[in-house]
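K.L.:
Before I ask anything, here is the structure I am working with.
The values are calculated or read from the model by the stated rules, or taken from the named source; none is laboratory data. The shown structure was predicted, so the numbers you read here are calculated from the model rather than taken from an experiment. Cβ atoms come from the backbone with ideal geometry, glycine included; neighbour counts cover every protein chain shown. Quick note on the areas: whole protein, heavy atoms, side chains included, nothing else; ligands and nucleic acids left out. Shrake-Rupley method; radii C 1.70, N 1.55, O 1.52, S 1.80 Å.
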Amino acid sequence: MSTVVIRVARPSVGEEEAAAITQVLLSGNYVSGKKVEEFERAFAEYIGGNHAVAVNSGTAALHTALAVLGIGPGDEVIVPPLTFFSTISAVLHQNAIPIFADIDPDSFCLDPRDVEEKITERTRAIMPVHLYGNSAEIDTLVDIAGRHDLKVIEDAAQAHGTEYKGRKVGSMSDIGCFSFFATKHMTTGEGGMLVTNNGKWTELAMMIRNHGLSNRDDHDCLGYNYRMNEIAAAIGIVQLRKLDSMNQRRIDNSLYLIEELEERRIPWLAVPKLKEHIKHTFFWCPVCIDEEKAGFSTKELIVKLREKGIETRNRYQEPLYKQKILIEKNPYPRGFPFNSKHYSQELDYGKVNLKNAEKVAGRIVGLPNHCGLERSELDYVVDVLSNIA
Ligand SMILES: Cc1ncc(COP(=O)(O)O)c(C=O)c1O
């Protein structure tokens, strides 16, 4: 086993975050205070939306967004098969039905053509995921949604600062959702945010995150405890100030890896295809493995890299329609919501087979690209990859 350890992700935090935490801790005000409001204002401005609502996870943001838009039992929501499962579980939390559309093989994000194919009279929303720091073709998706009277919720949990035609993702649809989990572009430990231009939805989201309370005692809608606390918000304010410079390091590191790997012409390794109109922020530096050409599996490659001290990511292993909870259709007791009176369709996730997703699932490897890495460490990653037998 090598003594080198190059971690795949590492939060970039320091004295400033520590001071911000201490200040809140000593203030005695931990909930629903000034820091959350300040973070919301700053985040909305950064993303380019009129309003932001802070919550305590990205999953809470997605769930709240669906609840705000009134999506519920029997409604179909079009989702991609390669994402973290929260994109799908948020739909199920509203008792709605996730319907999978295929991905574009180059961007790994939703393929608008297949989305259009999947629209039925029951479809209410499309949830594109800006995967690995890339952007889905959001203009086209919003256009499709407009033609079919659908809502669009952007899952931008992996794409803080990513731009599409000069605009930040999360600002171009009905509601954009972000996560501040520890490994993300910026972190609050755990946390999330909704961004929208709609004032009414903002008020409703604020109620939903706070037990559905419209004032101290009146519960006017079904709510949750999804509040972000002041300590998390204080960290977020500092992290947001650093986001552009942290992103630049991620981008520089990733572009360096891509360039160097291209130069080595490794026949079994495909680097990401970048598009002119997208500013990719590389939550991951995803490379795709051709196992036939390599003569070893992606899993074997990951073990070899680990032996050389290089951590990687390898997600998502399978298209999410293969998850047991969907195959068995039992997210809730007694088969709800698939057998509810609101949903009369026969749906068998076992029969879903999306060509592009099947082809790349399990074969995408995220190389270390976080902002704490030195050039020599990136060179080491490239050298190890080029010399793998
Ligand atoms: C694409 C995507 N959506 C949603 C989430 C959920 O965010 P959280 O972990 O903050 O609940 C994540 C987090 O991993 C994610 O990557």
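K.L.:
As an exercise: evaluate Ile47 against (1) more than 15 Å from the ligand (Cβ to nearest atom); (2) open to solvent by 20 Å² or more (accessible area, probe 1.4 Å); (3) closer than 23 Å to Thr188 by Cα and give the number of the one condition it does not meet.
P.N.:
Only one criterion is unmet by Ile47, namely (2).
K.L.:
Exactly one condition in (1) touching a strand residue (DSSP E or B) at 6+ places or on another chain (Cβ under 7 Å); (2) within 21 Å of Asp104 (Cβ to Cβ); (3) in a loop (DSSP other than H, G, I, E, B); (4) within 15 Å of the ligand (Cβ to nearest atom) is not met by Thr187; state its number.
P.N.:
So the condition that Thr187 fails would be (2).
K.L.:
Would you be able to tell me the number of residues in region 69-88 that are open to solvent by 10 Å² or more (accessible area, probe 1.4 Å) and either under 17 Å from the mean Cα position of the chain (by Cα) or aliphatic (A, V, I, L, M) (or both)?
P.N.:
Total satisfying the criteria: 4.
K.L.:
When you scan region 45-56, do you find a residue that is aromatic (Phe, Trp, Tyr), over 30 Å from Lys118 (Cα atoms) and touching a His at 6+ places or on another chain (Cβ under 9 Å), even just one?
P.N.:
Within region 45-56, one or more residues are aromatic (Phe, Trp, Tyr), over 30 Å from Lys118 (Cα atoms) and touching a His at 6+ places or on another chain (Cβ under 9 Å).
K.L.:
Somewhere in region 240-250, is a residue farther than 22 Å from Ala52 by Cβ and either surrounded by 18 or more Cβ atoms within 10 Å (Cβ to Cβ) or touching a residue at least 40 places away in the same chain (Cβ under 8 Å) (or both)?
P.N.:
Yes, region 240-250 contains a residue that is farther than 22 Å from Ala52 by Cβ and either surrounded by 18 or more Cβ atoms within 10 Å (Cβ to Cβ) or touching a residue at least 40 places away in the same chain (Cβ under 8 Å) (or both).
K.L.:
Continuing with the same structure: Checking Leu25 against (1) more than 16 Å from the ligand (Cβ to nearest atom); (2) closer than 17 Å to Gly170 by Cα; (3) open to solvent by 10 Å² or more (accessible area, probe 1.4 Å), only one condition comes out false. Which one?
P.N.:
(2)
K.L.:
Filter region 172-184 down to residues that are over 9 Å from Ala156 (Cβ atoms) and of a type in the set (Gly, Ala, Ser) and give me whichever is nearest to the ligand (Cβ to nearest atom).
P.N.:
Ala182
K.L.:
Sticking with this structure for a sec: Restricted to region 56-67, and to residues that are more than 9 Å from the ligand (Cβ to nearest atom) and open to solvent by less than 10 Å² (accessible area, probe 1.4 Å), which residue is nearest to Cys221 (Cα to Cα)?
P.N.:
Restricting to residues being more than 9 Å from the ligand (Cβ to nearest atom) and open to solvent by less than 10 Å² (accessible area, probe 1.4 Å), the top hit is Thr64.
K.L.:
Under the condition of being acidic (Asp, Glu) and within 28 Å of Glu121 (Cβ to Cβ), which residue from region 317-357 is least open to solvent (accessible area, probe 1.4 Å)?
P.N.:
Asp348
K.L.:
Out of all the residues in region 130-166, which are more than 10 Å from the ligand (Cβ to nearest atom), open to solvent by less than 10 Å² (accessible area, probe 1.4 Å) and not β-branched (Val, Ile, Thr)?
P.N.:
Those that are more than 10 Å from the ligand (Cβ to nearest atom), open to solvent by less than 10 Å² (accessible area, probe 1.4 Å) and not β-branched (Val, Ile, Thr): Gly133, Ser135, Ala136, Leu141, Ala145, Glu154, His160, Gly161, Tyr164.
K.L.:
What do you reckon, is Met206 away from the ligand (no atom under 16 Å from the Cβ) and under 12 Å from Val36 (Cβ atoms)?
P.N.:
Yes; evaluated as a whole, the condition is true for this residue.
K.L.:
What helices (runs of 4 or more DSSP H) lie completely within region 324-386 and have 3 or more residues being out of contact with any helix residue (DSSP H, G or I) (no Cβ under 7 Å at 6 or more places or on another chain) and within 30 Å of Gly309 (Cβ to Cβ)?
P.N.:
The helices (runs of 4 or more DSSP H) meeting that bar are 375-386.
K.L.:
Given the conditions (1) under 21 Å from the mean Cα position of the chain (by Cα); (2) under 30 Å from Gln94 (Cα atoms); (3) of a type in the set (D, E, K, R); (4) open to solvent by 60 Å² or more (accessible area, probe 1.4 Å), report the number of the one that Lys279 does not fulfil.
P.N.:
(2)
K.L.:
Can I ask one more? Taking only region 190-203 into account, find how many residues are within 14 Å of the ligand (Cβ to nearest atom) and outside any strand (DSSP E or B).
P.N.:
So the answer is 2.
K.L.:
Go through region 222-236 and give me each residue that's open to solvent by 20 Å² or more (accessible area, probe 1.4 Å) and out of contact with any strand residue (DSSP E or B) (no Cβ under 9 Å at 6 or more places or on another chain).
P.N.:
The answer is Leu222, and nothing else.
K.L.:
Report, by residue number, each residue of region 167-216 that is surrounded by fewer than 16 Cβ atoms within 10 Å (Cβ to Cβ) and either among the acidic types (Asp, Glu) or in contact with a Cys (Cβ under 6 Å, 6 or more places away or on another chain) (or both).
P.N.:
Within region 167-216, Glu203 is the sole residue that qualifies.
K.L.:
Among the residues of region 100-119, write down those that are more than 16 Å from the ligand (Cβ to nearest atom) and free of Cβ contacts under 8 Å to residues at least 60 places away in the same chain.
P.N.:
Once the filter is applied, which keeps residues that are more than 16 Å from the ligand (Cβ to nearest atom) and free of Cβ contacts under 8 Å to residues at least 60 places away in the same chain, region 100-119 yields Pro112, Arg113, Val115, Glu116, Glu117, Lys118, Ile119.
K.L.:
May I ask you to list the residues in region 200-209 that are out of contact with any strand residue (DSSP E or B) (no Cβ under 6 Å at 6 or more places or on another chain) and in contact (Cβ under 8 Å) with a residue 60 or more places away in the chain?
P.N.:
Trp201, Leu204, Ile208
K.L.:
Further question on the same structure: So which residues in region 284-302 are touching an Asp or Glu at 6+ places or on another chain (Cβ under 8 Å) and open to solvent by 30 Å² or more (accessible area, probe 1.4 Å)?
P.N.:
Of everything in region 284-302, just one residue is touching an Asp or Glu at 6+ places or on another chain (Cβ under 8 Å) and open to solvent by 30 Å² or more (accessible area, probe 1.4 Å), namely Ser297.
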